[in-house]
Amino acid sequence: MMIKGANKRVVIVEWKRFAGNTIDVFSSLKNFCDSYPDFNYHTLNNYLSKRKIPFENDEVKIVRQPLLTKVLRPDLPKVLFWDFDYGKIDWIRTYKTIIERVLDKGSQKEWEELVRFYGLDKIIYALKNEIVYLSDITANAVCEYFKLSKPELKCYTKKQLNQGHWI
């Protein structure tokens, strides 16, 4: 899924003087004009801003284009995150919570998406060192799916240390 960057644009310069299709991309029109002083920034800026069409002469064709950025999020259903503002989830920083939630409430298809997005190593690391709670049923399924033993899971060892009182 691609979205437009928040008002960010790039300048695409197609050089006509070279035999092939030689294209340069600049982060701004100012950077282009600084690199090629024969081109006046104010003239180009006025031309590109008012007419909304490419600037073109015998030497170059210059176009401003919106910057496209890739959305960094896994393809997981919103229903798994009913108590979060789905659009504002930081998928990178809150990975432990997301991994825990998907493993506990998600299907095998969603587990596969988790592995695709975060990678097997990161998930196994989180299971062994960071995730402190999974239900017994989920812990069994995780051990089978990821080829781990229960004592390798942090949630299992924590549970063993915090045995409840017997009466």
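The values are calculated or read from the model by the stated rules, or taken from the named source; none is laboratory data. As the structure is a computational prediction, the values presented were derived from the model and not from experiment. Every residue, glycine among them, receives a Cβ derived from its backbone with ideal geometry; neighbour counts consider all protein chains shown.
Miscellaneous remarks
- A single member of 72, 44, 76 is closer than 30 Å to residue 110 by Cβ and modelled with pLDDT of 90 or more, and it is 76.
- The single condition from (1) surrounded by fewer than 12 Cβ atoms within 10 Å (Cβ to Cβ); (2) touching an Asp or Glu at 6+ places or on another chain (Cβ under 7 Å) that residue 87 fails is (2).
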